[in-house]
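Here the structure is laid out as structure tokens; the discussion comes afterwards.
The values are calculated or read from the model by the stated rules, or taken from the named source; none is laboratory data. Since the model is a prediction, treat every value here as computed from it, not as a measurement. Reconstructed Cβ throughout: ideal geometry from the backbone, glycine too, with neighbour counts over all protein chains shown. SASA here: full protein model, heavy atoms, side chains in, ligands and nucleic acids out. Shrake-Rupley method; radii C 1.70, N 1.55, O 1.52, S 1.80 Å.
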Amino acid sequence: MLKRSWKQNHPNTFDILNGKGVSTSEVRSIYRALQDQHVANAQGIAEAIEQNDYVTLKILLEQRKGITGAIEATIQDSSKVQVFKDHIIDMLSSSATFADEKGQIILDRVTDIVEKANSKTHNLVTSTVDTSARMISKGNRLNHKTGKFILDKASDGLSMLSSLIKNKF
């Protein structure tokens, strides 16, 4: 029953036993607890030697071996975590430097392309406006000439008509 409820409270038992998902603060507290056990064990060994209790001494020495192994494993795990963190920091730093250098180059290229496109667009718009203005001006002149020609011909025609009418009456 106790085992079952513990598994319910800790569903990732395998991960916890393998050190996955254990925070740095938890590793530090485990390390401190192991050091306290080591000190207590050393005191127990000293007492067992004074009392000439070899059975207790043997048990305490085995416990000390386990505690020492656990302390070394904790130190190795913590150093692995630190090495991993340092590796990630180095990778991120080099990636940031690379991105900064390449990003500036790409930004410069994009800026040049946009400036060239802007200049070409400006030239094209200017050319279009100039051509349109010339066409409109030419159209206005042609319209004016056409109007003048029509008025002249209408005037001549009316003049001839009036003289014909005058001559007949």
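Computed with a 1.4 Å probe over protein heavy atoms only, the accessible area of H122 comes to about 120 Å².
Full extension of the segment from F98 to T146, taken as 0.36 nm per residue of separation minus the current Cα-Cα distance, would add 10.2 nm. For I89 and T56, the difference between the fully extended length at 0.36 nm per residue and the C-alpha to C-alpha distance is 7.0 nm. Between Q37 and T68, full extension at 0.36 nm per residue minus the direct alpha carbon distance yields a gain of 10.2 nm. Please go through segment 20-73 and write out the GluC sites (Glu not before Pro) that DSSP classes as loop and that have at most 14 other C-beta atoms within 10 Å. Taking segment 20-73 and a limit of 14 other Cβ atoms within 10 Å, no loop GluC sites (Glu not before Pro) are found.
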